[in-house]
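Each remark here refers to the structure printed beneath this line.
The values are calculated or read from the model by the stated rules, or taken from the named source; none is laboratory data. Treat the numbers as computed from the prediction; the structure is a model and nothing was measured. Every residue, glycine as well, gets a Cβ built from its backbone with ideal geometry; the counts of neighbours run over all protein chains shown.
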Amino acid sequence: MDAKETYASLEKLFPGKVRDFKGDVFEPYCFVEKEAIVEICRFLRTAQSFRFEVLSDLTALDWPKEEKIQMVYHLFSYAHNHQIVLKVDLPRDNPKIATVEEQWKVANWFEREVYDLFGVIFEGHTDLRRIMLPDDWVGFPLRKDYVEQEEYDGISTQRAPLVEKLLR
Amino acid sequence: MQALLDQMIQEGAFAGVPKEVVYTIAMVLTAVVVLSAFVAPLAGVTSWLERRVWARMQSRVGPNRVGPQGILQWLADGIKNIMKEDIIPTAADQKLFPLAPYVVFMGFLCAFVVIPFGESLIVADLNIGILYLLSVTSLVVVGILMAGWASNNKWSLLGGMRSAAQIVSYEIPAGLSVLTVVFLAGTLSMQGIIKAQGWRPWDWFMFHNPFTFCAFFLFFTAALAEGNRTPFDIPEAESELVAGYVTEYSGMRFLFFFFAEWGNLYVIGAVVTTLFMGGWQVPPVTDNPVLLGILQFLTFFLKAYFWVFVAMWIRATLPRVRVDQLMGLCWKYMVPLSFICLLGTIGFMFMDTNSRRIFGAITLGFAIATIINFFRRVGFQFRSAKPEAYWKPHI
Amino acid sequence: MTDYAADTGFYAEEMTINVGPQHPSTHGVLRFVVKTDGEMINEAIPDVGYLHRSIEKIGEKVTYHGYVPYTDRADYLAAMFANQAFCMAAEKLGNTEVSRRGEFCRVIACELNRLASHLISVGTFGQDIGAMTPFVHALRERESINNLMEEICGARLTYNYIRIGGVGYDIVPSTMTKIAEFLDHFEPIVEEFNRLLSGNKIFIERLANVAVVSKEDALSYNLVGPNLRGSGIKWDIRRDIPYSVYPELDFEVPVGTAEVGSLGDSFDRFWVRIREMQESVKILRQAMTMIPKGPAISKVPRKFRPPVGEYYARVEAPRGDMGFYVVSDGSEYPYRVRIRTGSYTAMSIIDKLSKGIMVADLIALIGSLDVDAPEIDR
């Protein structure tokens, strides 16, 4: 089943919750309303005709101009060998979305990473801590407007220019 | 030796000094000589040998820079380690921590007192020799537990606990297999056990009957476990417990543990040789006592080193067992088997001479078949291996 | 246990130990906070991030061409695959053709790298279990591969060999002969390795039925590569989402068969890796006979500006599905590079698997999942 058919049946079953299907790109994607992400994921994972039993990837994109953070879900089915990409737009100032941990266990770590680097809050997540960075790190590095701290725990994050170092 | 001292006392060499004091001084002097001239180089050379043997098995070269073929490597290592800073962690037990290596070292060193290198080359032929040996080698477990506890490090503690459980458990099959030999020899003295055997392989206790043959393997396995050797090296399993009970040690103290380990390796070989392989027994070729002494020493030394080599070989080949498997092996298989061996040997002792001979011949035949089969397997490995790959690894 | 404590007045405490960040068998800088009851593990919480080098963020600051060397560092044991995945994504976005000889060179280099990576994996795995010799033997073979790699691309670890549009340097005939010689030499070595380690009774006893991953868990936790196949799921990106010239090559996809214990145990995962090495040798032999003449790299503009778009390129790396999700906004720099690696997901399952196993088994588990710290943290 290709992505277009997947989208068609999603549209039929969840009217108004999916929109903007783009089929003429390398990997067809559609947008999902953020309230509906859990039920759509549950449906896609369990329905026999889709069986997206694998969450290949979960990440986010930061679009400061459009004032949004875009969640990207890559769903894959080993049984049917097809894939679909779901995207969810979140407001940039208060990004919050329900977790899909119940559907795919691996989402736990993927979501922790997105929380760590983008600052997206996953509601209902069992263990929402920073994963790559220390717990007391300030800011979310993968956001486009991220400015790194001057120093962390008394260690400077700036490196003196090499020439200056030689002259010293 | 005692005779010599007595003679000297009678001649009035130590006039006015009590006999006991003379004995004590003489014993301490002997111990110092034995320790510095024999045991230390022995452990050192064993360490060098192990590294070389191991390296060749792993298609490496190994230490070959210090001295001919690197044989003085242990001296260089020793000097380096003595020069090192002596670190005692602040949180460690300040008294037990420095003491532990010496306890371990002492445990292994005391064993040398009863090891018979030749008919007259023995420090003290105690009439409870083998019992003494079993008990002093158990001192090692105290030292290891001490080290594990005093380091105040959880890895050390785990290592110490594992070691205690392991050594205490494996004492039983080891002791029982020793007992089979003791029954046959009718004595606990090391010299007595050797004298009960002959220089011919079929006079050895190893091939005496099927049960002693079995007991020999049980003893060797248990001895490996007691010496913390692979595949039973779980107390210091570096991939699991970092370094086990030696995690916090450094410098010379660290070296003492390994000194004891390598020395123990030789002790294992020596005990196996004594109990099962006829010890220093040599064919009657000469009457010259000096020449005979040298021959006996060489025979004993080489026999013992053969088993040291086997232990190294095993270490290079086998992976490590898990704790529960280790305990299961001991309690479920080795303890019952060693009991069977003991009872079997007792039954054997009640047989008449003829059936004994037959059984002895069968055992020898079986042993030879085992050895031939073993070498066939090794030969197969050699043929299907590509030796040129080892000599020319970079194609 | 609580009843026992209440009855007797003896309370047993859990012991918390740190496995890592510096530990001999964490293969890099990993940390587990392990709660144990003696030797039994109640909980092992992975703590990652010690090797985080923000490779994803760097991707937004450098050009497409300039980013290729950075991808090497994502997983330095299998650098070629990260090169390949990123270049595939960039080529798809930029609509660039790859020269056919370039594709074959990529396959040869990648499969050699797979051999090297698997050798490290099975060798260190043997060492984790306590067998020291197989490790050295495996590294000896890897050394030969490193030498070959040096001849192919001038580097031994971080190759930067695969470029957008093909490969950096052509593989010359003399190197081809050497690779063929190496393969002839390597095949019996694998068998010898099996006799030394894989067939060893102690080794099998240590791994059989330890840390069994069911099919459902493998899917839910998104295990990939040998870990997934060890659980009996026949899935290989080279075969199922074909890329490069893999469809033209003939190879098997080994899956776990519950050889000694139950399906999906540590030994199955190990055994899949061993058999994958044999398949890689097969692939290499075919690729070397099929390689056509021609340029190794096609013409690619120096200023590489792909049009707006996004692509998620997946390759079958030694640690499984390595995905590069590259988003382009039409400029010279990628808008976002996301690296999805096999070890990251493999790491997330350790928490679940480690309940009720022993400390020694945890080490076996880490080794059998073949997690690699740089790949987790990126």
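Against the condition touching a His at 6+ places or on another chain (Cβ under 9 Å), modelled with pLDDT under 85 and either within 14 Å of chain C (Cβ to nearest Cβ) or not in a helix (DSSP H, G or I) (or both), how does B:VAL242 come out, does it pass? Criteria met by B:VAL242.
Scanning the range C:45-68 for residues being of a type in the set (Val, Ile, Thr), part of a helix (DSSP H, G or I) and either more than 19 Å from the chain's Cα centre (by Cα) or within 14 Å of chain A (Cβ to nearest Cβ) (or both) gives a total of 2.
Looking only at the range B:72-111, filter to residues that are touching a Gly at 6+ places or on another chain (Cβ under 8 Å) and assigned to a loop (DSSP other than H, G, I, E, B); which one of those is modelled with the highest pLDDT? The extreme case among them is B:LYS84.
Does B:LEU158 satisfy the criteria of being within 14 Å of chain C (Cβ to nearest Cβ) and of a type in the set (A, V, I, L, M)?
yes
Residues in the range A:114-168 that are of a type in the set (Gly, Ala, Ser) and part of a loop (DSSP other than H, G, I, E, B) were compared, and the one that is nearest to the other protein chains (Cβ to nearest Cβ) is A:GLY139.
The set of residues in the range C:69-113 being more than 21 Å from the chain's Cα centre (by Cα) and β-branched (Val, Ile, Thr) consists of C:THR96, C:VAL98. Among the conditions (1) of a type outside the set (Ser, Thr, Tyr); (2) assigned to a strand (DSSP E or B); (3) more than 10 Å from every other protein chain (Cβ to nearest Cβ), the only one that C:GLY330 does not satisfy is (2).
Against the test of being in a loop (DSSP other than H, G, I, E, B), modelled with pLDDT under 85 and either within 29 Å of B:VAL321 (Cβ to Cβ) or of a type in the set (A, V, I, L, M, F, W, C) (or both), the options C:VAL260, C:VAL224 yield a single qualifying residue, C:VAL260. Scanning the range C:213-248 for residues that are at positive phi, more than 11 Å from every other protein chain (Cβ to nearest Cβ) and crowded, with 20+ Cβ neighbours inside 10 Å yields a single hit, C:GLY225.
Here C:ASN146 clears all of (1) surrounded by fewer than 19 Cβ atoms within 10 Å (Cβ to Cβ); (2) farther than 24 Å from B:PHE382 by Cβ; (3) more than 10 Å from every other protein chain (Cβ to nearest Cβ); (4) not aliphatic (A, V, I, L, M) except the condition numbered (3).
When you scan the range B:251-270, do you find a residue that is closer than 27 Å to B:ASN152 by Cα and within 14 Å of chain C (Cβ to nearest Cβ), even just one? Among the residues of the range B:251-270, not one is closer than 27 Å to B:ASN152 by Cα and within 14 Å of chain C (Cβ to nearest Cβ), which makes the answer no.
Of these, B:TRP307, B:TRP313, B:TRP331, which one is at pLDDT 85 or above, within 30 Å of B:GLY118 (Cα to Cα) and more than 14 Å from chain C (Cβ to nearest Cβ)? Talk me through it step by step, then tell me what you get.
Working: B:TRP313 fails: more than 14 Å from chain C (Cβ to nearest Cβ); B:TRP331 fails: within 30 Å of B:GLY118 (Cα to Cα).
After applying the criteria, what remains is B:TRP307.
Each row is one residue, and each column tells you yes or no for (1) away from chain B (no Cβ under 14 Å); (2) closer than 27 Å to B:VAL321 by Cβ; (3) surrounded by fewer than 21 Cβ atoms within 10 Å (Cβ to Cβ); (4) in contact with a strand residue (DSSP E or B) (Cβ under 6 Å, 6 or more places away or on another chain).
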| residue | (1), (2), (3), (4) |
| --- | --- |
| C:PHE104 | yes, no, no, no |
| C:ASP128 | no, yes, no, no |
| C:ALA131 | no, yes, no, no |
| C:HIS137 | no, yes, no, no |
| C:GLU150 | no, no, yes, no |
| C:ALA155 | yes, no, yes, no |
| C:TYR159 | yes, no, no, no |
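The range A:25-113 holds strands (runs of 3 or more DSSP E) entirely within its bounds, and those carrying 3 or more residues that are under 11 Å from the mean Cα position of the chain (by Cα) map to A:54-63, A:68-77, A:82-91. Does the range A:82-100 include one or more residues that are facing another protein chain (nearest Cβ under 9 Å), surrounded by fewer than 19 Cβ atoms within 10 Å (Cβ to Cβ) and under 26 Å from C:VAL224 (Cβ atoms)? Within the range A:82-100, not a single residue is facing another protein chain (nearest Cβ under 9 Å), surrounded by fewer than 19 Cβ atoms within 10 Å (Cβ to Cβ) and under 26 Å from C:VAL224 (Cβ atoms). On the stretch given as the range B:230-239, residues that are facing chain C (nearest Cβ under 8 Å), among the hydrophobic types (A, V, I, L, M, F, W, C) and outside any helix (DSSP H, G or I) total 1.
Residues that are closer than 28 Å to B:TRP313 by Cα, within 14 Å of another protein chain (Cβ to nearest Cβ) and touching a residue at least 40 places away in the same chain (Cβ under 8 Å) within the range C:106-126 comprise C:LEU119, C:VAL122, C:THR124, C:PHE125, C:GLY126, listed in sequence order. Filtered by the rule that a residue be away from chain B (no Cβ under 13 Å), touching a residue at least 40 places away in the same chain (Cβ under 8 Å) and either over 21 Å from C:SER343 (Cβ atoms) or not in a loop (DSSP other than H, G, I, E, B) (or both), the range C:10-43 gives C:ASN42, C:GLU43.
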